[in-house]
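Below is one structure; the comments refer to it alone.
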Amino acid sequence: MQIAVAGGKGGAGKTTVALGLVFSLPDVVLLDCDVDEPNCALFLDREPEPLTVVSKTIPRINADQCTLCGECVKLCQFNALLELPAKILVREEFCHSCGLCSRACPQEAIAEEKKRLGLVKSGRGEVEFYQGELTVGQARSSPVVKAVKEQVQAGAVNVIDAPPGCSCAVLTALTGADYCILVTNPTPFGLSDLEKFLDIVENLGIPYGVIINQSESEADARIEQFCTDRGVSVLAKIPYSEEIAQNYSRGVSIVEGQPEYRQQFRQIYSEIQTVTEGKK
Ligand code: SF4
Ligand code: SF4
């Protein structure tokens, strides 16, 4: 089973929830897909080691052979090639590595070279764990997220800590998920991001439920009303707590710091099982 833990904004509490599940259930694999800023490893007992390099192929134009015919620029569907007066400029960040330009060049002036996008690391301590790391300066995180998702283990509960936001990388992290936990905060920003995120999971056809993190009874009313109006299940509320925040800042997960939460996370998993088994 794949359970994605997602949310429209950073700092909502995705990692808190993902680690809560990981340290409450048996046979769990943790996949940290927040490749811009992976931080799950800070809570584990072992430093992850490099597993695979993620790279993409980009064109390299040999200026001595290029006649500036412009054919490759016309063919590129992603505007990754730009015709300048004296050369063809390759805009690597737009290139999708389709290889069309190099095959189409009548002068055979385009070679292909590998560009490193990131790294997948793994660790096997108390938890089997994979994490993606985007190379500094690279803009395309989806291929790195995809490489982390290739480590999903059949027969285990795979907990996916998704990147924040609603980008392509988030869609990649969610693809194939059996269930999505949406973590939100009881603030106007939290509600706005939750609204956007519901459209994504509904379009992907993934069953979902909401966890309200940093819950405060009066502030929760708008989110709860929204969930009632949209027929969304609120799986749990995690109260605003200095103790949870202090433990988090020391690399202690919610259930290690306050073991009474273990039962709550097991209950959440049990609800998810009921939903996903009913869908089969
Ligand atoms: S198709 Fe080949 S020859 Fe023509 S502009 Fe592109 S690189 Fe140069
Ligand atoms: S490999 Fe494809 S996407 Fe990249 S520059 Fe060539 S045609 Fe464009």
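List the residue pairs whose Cβ atoms are under 8 Å apart, where the first residue sits in segment 175-195 and is assigned by TED's automatic domain parsing to the domain that holds Tyr269, the second is of a type in the set (Asp, Glu), and the two are 6 or more positions apart or on different chains.
Note: pairs meeting the criteria are Thr184/Asp193; Pro186/Glu216; Pro186/Asp220.
When you go through Glu242, Glu277, Glu256 one by one, which is the residue that is more than 17 Å from Gly8 (Cα to Cα) and touching a residue at least 40 places away in the same chain (Cβ under 8 Å)?
So the residue among Glu242, Glu277, Glu256 that is more than 17 Å from Gly8 (Cα to Cα) and touching a residue at least 40 places away in the same chain (Cβ under 8 Å) is Glu256.
Somewhere in segment 204-214, is a residue surrounded by fewer than 22 Cβ atoms within 10 Å (Cβ to Cβ), in a helix (DSSP H, G or I) and within 17 Å of the chain's Cα centre (by Cα)?
Checked against the condition, which is being surrounded by fewer than 22 Cβ atoms within 10 Å (Cβ to Cβ), in a helix (DSSP H, G or I) and within 17 Å of the chain's Cα centre (by Cα), segment 204-214 yields at least one hit.
Within segment 38-69, work out how many residues are surrounded by 12 or more Cβ atoms within 10 Å (Cβ to Cβ) and part of a loop (DSSP other than H, G, I, E, B).
Residues in segment 38-69 being surrounded by 12 or more Cβ atoms within 10 Å (Cβ to Cβ) and part of a loop (DSSP other than H, G, I, E, B): 10 in total.
Of the residues that sit in segment 140-180 and are in contact with a helix residue (DSSP H, G or I) (Cβ under 6 Å, 6 or more places away or on another chain) and assigned to a strand (DSSP E or B), which one is surrounded by the fewest Cβ atoms within 10 Å (Cβ to Cβ)?
Tyr179
Just to be sure, is Val22 out of contact with any Leu (no Cβ under 7 Å at 6 or more places or on another chain), assigned by TED's automatic domain parsing to the domain that holds Ile211 and buried (at least 22 other Cβ atoms within 10 Å of the Cβ)?
Criteria not met by Val22.
Considering only segment 47-69, state which residues are farther than 20 Å from Arg103 by Cβ and hydrophobic (A, V, I, L, M, F, W, C).
Selection gives Leu51, Val53, Val54.
So in segment 64-98, with the set limited to residues that are modelled with pLDDT under 95 and small (Gly, Ala, Ser), which one is farthest from Lys146 (Cα to Cα)?
Residue satisfying both the conditions and the ranking: Ala86.
From the set of residues in segment 70-108 that are near ligand 1 (Cβ under 7 Å from one of its atoms), assigned to a loop (DSSP other than H, G, I, E, B) and free of Cβ contacts under 8 Å to residues at least 40 places away in the same chain, which is farthest from Arg140 (Cα to Cα)?
Looking at residues that are near ligand 1 (Cβ under 7 Å from one of its atoms), assigned to a loop (DSSP other than H, G, I, E, B) and free of Cβ contacts under 8 Å to residues at least 40 places away in the same chain, I get Pro106.
The values are calculated or read from the model by the stated rules, or taken from the named source; none is laboratory data. Here the structure is a predicted model, which means the values were calculated and not measured. Glycine also receives a Cβ, built like all others from the backbone with ideal geometry; neighbour counts cover every protein chain displayed.
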